[in-house]
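Remarks on the structure that follows.
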Amino acid sequence: MYRMTKTCFLCLTLFILAAGCVNFKQPRNRVQHYMLEYASPEMKDLTPLPVSLKVERFSVAPAYNTNRIIYRDGSFKRDEYFYHKWRANPGDMVTYFLGRDIRDSGIFQAVLPHGSDFPFSYVLEGSVDEFVEWDSPEGWNGVLAVTVALLAANEPDVSRRILLQKTYRIEKPLAEKTPQGLTQALSRAMGDISTHIISDMYSVLKK
């Protein structure tokens, strides 16, 4: 009886120690979330226009329509980080930051989000075509491609409704080969694309 109790106690002790070692060597992984972060571009010498703009929610190419961070490290290959994710869908991030930048530029009387019932003069639609870490022997880059279409809301002639349709694609090198480095690169790319889109819209509408 004593020997059996002693054996059971020893087995229980070994089990607890083993479990402790497993927990120590295999800690639970925590998912890290990332978000674009940059200051709105400074748009100087642009006279405000007496019109309102509605920014619709951008669609996303199927390969990037996910909160997973996607990377490409070979031809025809797309993979994802398991413990690193975007805080929001790329389409929502691009829609939000572009709308914020247009609003902060001050060139419109009002900038309305999608879903707004307030009257508007023009509507901006678009898609996120690429939102990816592009790895190659030459280096790692963050690639962002966005297509936009600026439409006149009250133009009855369909052929004259589209005022601007253009694709913007920018690559930025990663300062460090990490998801955070990718986020910084895509943030810089988004700032540049916002600047180009705002400038092009202003040139079209000023006419």
**OP:** Kindly provide the set of residues from region 117-157 that are within 16 Å of residue 51 (Cα to Cα) and either surrounded by 14 or more Cβ atoms within 10 Å (Cβ to Cβ) or β-branched (Val, Ile, Thr) (or both), ordered by number.
**Re:** 120, 121, 122, 123, 124, 150, 151, 152, 153
**OP:** State all residues of region 157-193 that are part of a helix (DSSP H, G or I) and under 17 Å from residue 122 (Cβ atoms); if no residue qualifies, say none.
**Re:** 158, 159, 160
Subject >> Inter-residue pairs, beta-carbon under 9 Å, first more than 10 Å from residue 57 (Cα to Cα) and in region 85-99, second basic (Lys, Arg) and surrounded by fewer than 20 Cβ atoms within 10 Å (Cβ to Cβ), 6+ apart >> reply: 85/68; 86/68
**OP:** Return only the number of the condition from (1) assigned to a strand (DSSP E or B); (2) modelled with pLDDT under 95; (3) among the aromatic types (Phe, Trp, Tyr) that residue 118 does not satisfy.
**Re:** (1)
Subject >> Counted residues, region 103-135 - those being closer than 15 Å to residue 201 by Cβ and more than 17 Å from the chain's Cα centre (by Cα) >> reply: 15
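The values are calculated or read from the model by the stated rules, or taken from the named source; none is laboratory data. The structure presented is a predicted model; accordingly, all values stated were derived computationally and were not measured. When we count neighbours, we look across all protein chains shown, and the Cβ atoms used for this are built from the backbone with ideal geometry, even at glycine.
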